[in-house]
1. Output the residues belonging to the stretch 291-303 that are crowded, with 18+ Cβ neighbours inside 10 Å and either away from ligand 2 (no atom under 12 Å from the Cβ) or in a strand (DSSP E or B) (or both).
2. Tally time: how many residues in the stretch 30-56 are buried (at least 17 other Cβ atoms within 10 Å of the Cβ) and in contact with a helix residue (DSSP H, G or I) (Cβ under 9 Å, 6 or more places away or on another chain)?
3. Sort out which residues of the stretch 152-180 are more than 25 Å from the chain's Cα centre (by Cα) and crowded, with 18+ Cβ neighbours inside 10 Å, and write them in order of number.
4. Only one of 292, 284, 299 is within 16 Å of ligand 1 (Cβ to nearest atom) and at pLDDT 95 or above. Can you tell me which?
5. I'm trying to understand the selection: among the residues of the stretch 337-359, which are part of a helix (DSSP H, G or I) and more than 25 Å from residue 97 (Cβ to Cβ)?
6. Does residue 221 fit the bill of being at negative phi and not assigned by TED's automatic domain parsing to the domain that holds residue 163?
7. Which strands (runs of 3 or more DSSP E) sit wholly inside the stretch 45-137 and have at least 2 residues that are under 23 Å from residue 174 (Cα atoms), in contact (Cβ under 8 Å) with a residue 60 or more places away in the chain and over 21 Å from the mean Cα position of the chain (by Cα)?
8. Please tell me if residue 284 is more than 24 Å from residue 452 (Cβ to Cβ) and in contact (Cβ under 8 Å) with a residue 40 or more places away in the chain.
Ligand code: ADP
Ligand code: GLC
């Protein structure tokens, strides 16, 4: 039996801002527990402290360069998995998780604390599976700062969920580690004139994965490589693309507690009741027959909301309704706030983060929009398919790998796809989807079934992670 520790900055059921939390809340459960003993570790933010009561395991000092603080380790069990939390209130007892001026120091502390807490885990950790830049310094610290056999023998897998967020900081941040300056000077950590957590992980992890096959290829190119494509190209033989799954128990239209009416492949009629309920609750005209489109998203440039805003009047010139749930960039939020005034009872923007409402939207809408500029994997289109809601996506990254485009001749398909990141291509596909919805109802129904039959669980991908761990 080998020990695997998952380290990440967020994870369900404790805290979530995006798909990373979905992954951390579900992948550890799906790994073969006859072969691997697993645990998860994340920072203990204010929101977690305020909401969850848990057992304290230990207090311990964290000394890392100029950082010299006490940390506490807490533990909770969820779905049979041990979740550990690093508590340090100066760093993490704040409203929000990221986006603070001292994020570099906060996550430098976290990386070091993860390596210090290993002694309190009751089994030996053989593999640390780190996720995204917040954990990026763990491999180099374990290999170069520690000199003991335990830390040096650990193998490291680093998963890139989003290469656009790299954890790049001024050179002075090196002072937060006890690392020799040569690791900066030789280029391992250097990025422009500063240092990069993400680059450190790319250089020092034993294996690198990202969350879809297509994205694994894309990030080797300048277009998607975010200026780390060369560093990644050096590691291309150790780079795997493994597509995400979702937790098919919590995302299940037959049992989902947030739904107005449960439904399944055999009882699709009830899906319409969710649509009615959603329309009623959000003040839209109640109508079973109109095409109701939805979006649940972080509102950032990545998600292609600009295409939606650009084509809003053309889209709303069709016989459709639109619901958007999201929060993010002020500029995008302000643009979207207009739609309720411009298209009363036909469009609604719910500005914020709301887990329960998101479930109602996945179940209640007919079509889900995801015109992303780039998309490492995407969880939302997987959830949509599971709920018989057809995704309309751009053919990029994980969206390309998971959504089968509608074929009007064979009737195959689980959604609609378009290629170029352009408003015209987007609107062309929306109009095409509208036509299918109104005039080829049987095709639409067939696609809903195809989508619901799609395997969006972790089953296949968990086996791939197993294979990957076996290489270490
Ligand atoms: P990303 O991780 O890039 O944000 P994903 O599609 O991988 O995109 O995952 C997004 C996850 O976050 C989905 O589970 C989605 O339902 C959820 N989500 C995003 N925005 C919101 C919101 N405003 N309210 C509730 N859930 C949201
Ligand atoms: C990132 C990506 C998203 C992916 C998620 C989980 O947030 O933007 O595409 O699904 O991580 O891997």
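1. If the condition is that a residue be crowded, with 18+ Cβ neighbours inside 10 Å and either away from ligand 2 (no atom under 12 Å from the Cβ) or in a strand (DSSP E or B) (or both), then 291, 292, 293, 294, 295, 296, 297, 299 are the ones that fit.
2. 13
3. Residues satisfying the conditions are 154, 173, 174, 176, 177, 179.
4. Criteria check complete, one pass: 299.
5. The answer is 339, 340, 341, 342.
6. Working: at negative phi: yes; not assigned by TED's automatic domain parsing to the domain that holds residue 163: no.
No.
7. So the answer is 55-64.
8. Criteria met by residue 284.
The values are calculated or read from the model by the stated rules, or taken from the named source; none is laboratory data. From a predicted model like this one, the values you see are computed outputs, not experimental measurements. Glycine also receives a Cβ, built like all others from the backbone with ideal geometry; neighbour counts cover every protein chain displayed.
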